[in-house]
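S.K.: Have a look at the structure that comes next, please.
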């Protein structure tokens, strides 16, 4: 299947122009059937009856998200919604919240977490998954060295971002993130590192 989602693949609707990108491994994703405009990036067994794209099982959901952005950079919906295959651990009200965004025809945001657990963090470390090499990866992504910076991230990596915000950075910027993840895919913590930087990258 062509990895680029064509505009014609997006079902007609009477709400915001959106696409939901789901990073799936082995999760039950039947919950996605209640929404239009869903693409499943599948790193597990092939599914039947879903709009899916098969990817190698590397980089957790971060690899999926930035692969989608890179492949569809010139054909983005007004809003991209990024979710894990089972989002309910960190976003128990995700169905209600998604409908509130999708049905808001006057939606005007740049980036918002859909995770309901927002965590304060610092490049020197976070209380969840301590010991992550945040400083080194931050430098590789943003091409600047920082040793002490406070920021927030949404646990579970669920968020909505506008096309406008994605396009603030060049396509090659997202390719660099993909390459960072792929080059370090044997280190399973790379996905947790990138998870902490979504708002810094896209917000």
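S.K.: Starting from residues that are part of a strand (DSSP E or B) and touching a residue at least 12 places away in the same chain (Cβ under 8 Å), keep the ones in the range 106-141 and report whichever is surrounded by the fewest Cβ atoms within 10 Å (Cβ to Cβ).
M.R.: Among those residues, the one meeting the criterion is 120.
S.K.: Looking at (1) within 22 Å of residue 81 (Cβ to Cβ); (2) modelled with pLDDT under 95, find the lone condition where residue 161 falls short.
M.R.: Of (1) within 22 Å of residue 81 (Cβ to Cβ); (2) modelled with pLDDT under 95, only one is false for residue 161: (2).
S.K.: Search the range 1-19 for residues being in contact with a helix residue (DSSP H, G or I) (Cβ under 7 Å, 6 or more places away or on another chain) and under 20 Å from residue 67 (Cα atoms), and hand back the single one that is modelled with the lowest pLDDT.
M.R.: 3
S.K.: Pick from the range 70-89 the residues that are under 22 Å from residue 189 (Cβ atoms) and within 14 Å of the chain's Cα centre (by Cα): which of them is surrounded by the fewest Cβ atoms within 10 Å (Cβ to Cβ)?
M.R.: 86
S.K.: Right, another one. Do we find a residue being more than 23 Å from residue 29 (Cα to Cα) and at pLDDT 95 or above anywhere in the range 110-117?
M.R.: yes
S.K.: Additional query: What tally of residues in the range 141-151 results from selecting those that are modelled with pLDDT under 95 and within 24 Å of residue 79 (Cβ to Cβ)?
M.R.: 0
S.K.: Of all residues in the range 142-170, how many are outside any loop (DSSP other than H, G, I, E, B), within 13 Å of residue 193 (Cβ to Cβ) and within 16 Å of the chain's Cα centre (by Cα)?
M.R.: 1
The values are calculated or read from the model by the stated rules, or taken from the named source; none is laboratory data. Source: prediction; values computed, not measured. Note that we place each Cβ from the backbone using ideal geometry, even for glycine, and neighbour counts take in every protein chain shown.
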